[in-house]
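The values are calculated or read from the model by the stated rules, or taken from the named source; none is laboratory data. Every value quoted in this text rests on a predicted model; they were computed, and no experiment measured them. Neighbour counts run over all protein chains shown; Cβ positions are idealised from the backbone, glycine included. For the accessible areas, the whole protein counts, side chains as well, though only heavy atoms, and no ligand, DNA or RNA atoms are used. Shrake-Rupley method; radii C 1.70, N 1.55, O 1.52, S 1.80 Å.
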Amino acid sequence: MRRFLAATVAAGAATTGLTIASAIVLAHIVAGVITDPAKRSPHVWTTALAVLAVLWIARAAVSWAGVRLSQRGATAVITELGGQLLHDVTNRSPREAAADRDEAGAVITRGLDALRPYFTAYLPALVLSALLTPAAVVVISVYDLRSALIVAVALPLVPLFMILIGLATRDRSAAALAAMGVLQARLLDLVAGIPTLRALGRASGPAARIAEISAAHRRTTMSTLRIAFLSALVLELIATLGVALVAVSVGLRLVYGEMSLVAGLTALLLAPEVFWPLRRVGVEFHAAAAGKAAAERAFELLDESPEPPADSSTVDARGARIEIDGLSVAGRDGVRPHGLCADIEPGRITVLAGPNGSGKSTALQAILGIIEPTSGCVRVAGVDVASLQPRQWWSQVAWLAQRPALIAGSVAENLNLFGELNDPLGACAQAGFDEVIAGLPDGLLTVLGPGGVGLSAGQRQRLGLARALGSRAPVLLLDEPTAHLDAENEQRVLAALAQRADAGTTVVLTGHRRAVLDAAHSVVMVGEGADVYR
């Protein structure tokens with residue numbers, strides 16, 4: 001921002017000087033041609049015309065450079081701010097991220113783009129109004145004090161109406177941004193549910209609702225634009241009246257011979273330049289209001305993020321013991337889990353069992369360190385997970401969520417999404433994913449859509465399992481890893497997990513199926529009351 005603002009101020013100062021100089025030169029040329037018949041030959045004004053042409057060309061070049069710099073500055077600032085917000089929101093705990101996801105999505109994808117008019121139009125106009133307007137008034141007062149007084153009286157009306165109209169527009173822009181976030185979230189929910197509705201033969205049902213949401217968004221946008229257009233008309237009218245008063249005064253005094261033609265033309269040429277920057281600030285304010293509202297909301301979201309711990313520790317998870325000590329996490333449905341205690345030994349398969357909603361997945365997320373416990377803690381080798389450096393700890397963990405993280409790309413890219421696998425073909429065979437690869441049109445090069453579109457739920461689960469089983473991480477956290485598998489593939493996966501445990505890997509998984517419980521070395525019952533171990 002600093003370099004961009006410095007360049008904007010420099011461009012504004014150069015534009016101010018060139019504008020005033022060109023007005024004075026043009027006034028002298030026109031006055032000389034009109035008042036002195038001997039100077040009506042073009043060759044008499046060759047030097048003056050050349051200077052005027054150079055001034056105009058220089059002003060055009062400065063304007064072009066200013067626009068170019070403002071575009072680059074806007075792109076850099078929007079990219080940096082959007083990147084910071086995206087990084088911040090995606091690094092929050094799942095519950096916090098889910099709470100701010102829709103609003104942050106609207107700010108990042110659309111809201112911050114509205115900052116571009118703020119940088120490319122509003123700020124340059126603001127700088128120019130701070131430089132050109134007072135400089136033009138001073139020059140006019142040098143040539144004609146009466147015209148300067150007229151301009152000084154009319155000039156305060158422009159910022160007065162700018163403030164009155166701008167306050168109303170600011171509130172409307174903030175309301176429009178909030179409405180856009182809500183409407184976008186509803187629209188995305190409807191679009192996300194279309195495949196399910198299509199499978200049920202009701203794909204045409206949301207059409208009317210989508211039309212209603214689009215109409216509401218259109219009305220919100222048009223209400224803001226209506227104020228912007230009306231305010232622009234008011235500012236143009238004030239500026240026109242101010243210039244007209246100067247023109248009438250100059251014309252009458254020229255008729256009665258009370259001032260020179262050079263002074264009159266200079267005042268007339270500079271009078272519009274006095275009002276133009278302020279008028280432009282008022283007009284561009286509305287274009288920038290949405291971007292400013294989005295930026296303010298982005299800073300608010302950034303300020304809501306918890307500060308990272310000042311002193312972070314590291315730990316070697318290989319062969320380390322994981323202790324869950326009185327873990328409780330408060331959520332919408334109460335405290336789940338509540339007071340969970342467990343000792344997870346390396347080289348063993350530990351299963352967190354219990355009814356749905358008891359907090360098994362939450363316990364895994366607490367071990368991973370992506371959710372903050374309400375009370376209690378999780379320790380790895382005696383070190384609290386909350387005090388660990390997240391990246392260093394996560395690099396030692398392979399986590400399989402109930403819905404594996406898949407990106408738009410090839411199958412091979414998804415397998416190696418979190419790092420190169422130790423034995424890709426062996427891992428695919430252990431997870432039963434080799435059969436899936438054999439049935440794909442291009443094998444490992446088959447391109448998947450966002451979220452793994454192109455694979456069934458079971459096939460996505462096998463892909464995630466292959467990625468986890470092939471990982472070199474010494475800790476495996478698996479959330480319902482066999483939920484979508486048949487009995488044969490389930491036994492294959494459990495046998496592979498037993499091999500990893502025999503090699504010293506710490507294996508923690510959730511589940512309640514009999515085959516999973518039978519394969520466990522220890523079972524921790526998650527739920528209210530005392531925990532039961534097997």
*Roll a 1.4 Å probe over the protein heavy atoms and report the accessible area of SER313 in Å², nearest 10.*
40
*Give a residue-ordered list of calculated ³J(HN,Hα) values for the range 481-496 (Karplus: 6.51 cos²θ - 1.76 cosθ + 1.60, θ = phi - 60°; whole Hz; x for Gly, Pro).*
x, 10, 4, 10, 10, 7, 4, 5, 5, 4, 5, 5, 5, 5, 5, 5
*asked:* Projecting each Cα onto the charge dipole of the chain (Lys/Arg +1, Asp/Glu -1 at the beta carbon, about the Cα centre), which of LEU517, SER361, GLY251 comes out farthest on the positive side?
replied: GLY251
*asked:* Run lengths n ≥ 4 of DSSP H only: what is the helix-derived mean residue ellipticity at 222 nm for the chain, with -39500 (n - 2.57) per run over all residues, to the nearest 500?
replied: -21000 deg cm²/dmol
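Please report the projected area of the chain's Cα convex hull averaged over all directions, in nm².
The directionally averaged projection comes out at 34.5 nm².
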*Quick one: dipole size for the chain, taken about the Cα centre, charges +1 on Lys/Arg Cβ and -1 on Asp/Glu Cβ, in debye to the nearest 20.*
1840
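Let me know the Kirkwood hydrodynamic radius for the range 196-271, please, with Cα pairs as the basis and the value in Å to one decimal.
Final number for the Kirkwood radius of the range 196-271 is 17.4 Å.
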*HN-Hα J in Hz across the range 18-31 - Karplus 6.51, -1.76, 1.60, θ = phi - 60°, x for Gly and Pro*: 5, 5, 5, 4, 5, 5, 5, 4, 5, 4, 5, 5, 5, 5
_If amide hydrogens are placed 1.01 Å from N in the peptide plane, which non-local residues have theirs closer than 5 Å to the one on LEU388?_
SER313
_Scattering curve values for the range 458-534, log₁₀ I(q)/I(0), Debye with Cα scatterers, q = 0.18, 0.22, 0.26 Å⁻¹_ = -0.74, -1.06, -1.38
*Where nothing but the Cβ of Lys and Arg (+1) and of Asp and Glu (-1) is charged, how large is the charge dipole of the range 192-247 around its Cα centre, in debye to the nearest 20?*
400
*In terms of modelled amide H atoms, which long-range or inter-chain residues lie less than 5 Å from the amide H of THR505?*
GLY347
*Amide H neighbours of LEU448 under 5 Å, at least 5 residues apart or on other chains, H built in the peptide plane: list them.*
GLY409, SER410, VAL411
*So how far apart, in nm, are the two label points at ALA438 and GLN392 if each is 7 Å from Cα heading toward Cβ?*
4.5
*Quick one: putting +1 on the C-beta of Lys and Arg, -1 on the C-beta of Asp and Glu, what dipole do you get for the range 403-534 around its Cα centre, in Debye to the nearest 20?*
120
_Value of relative contact order over the chain, rounded to a whole percent, pairs C-alpha under 8 Å and six or more apart_ = 16
_So, for the range 313-436, what is the accessible surface per residue at a probe of 1.4 Å, expressed in square angstrom?_
45
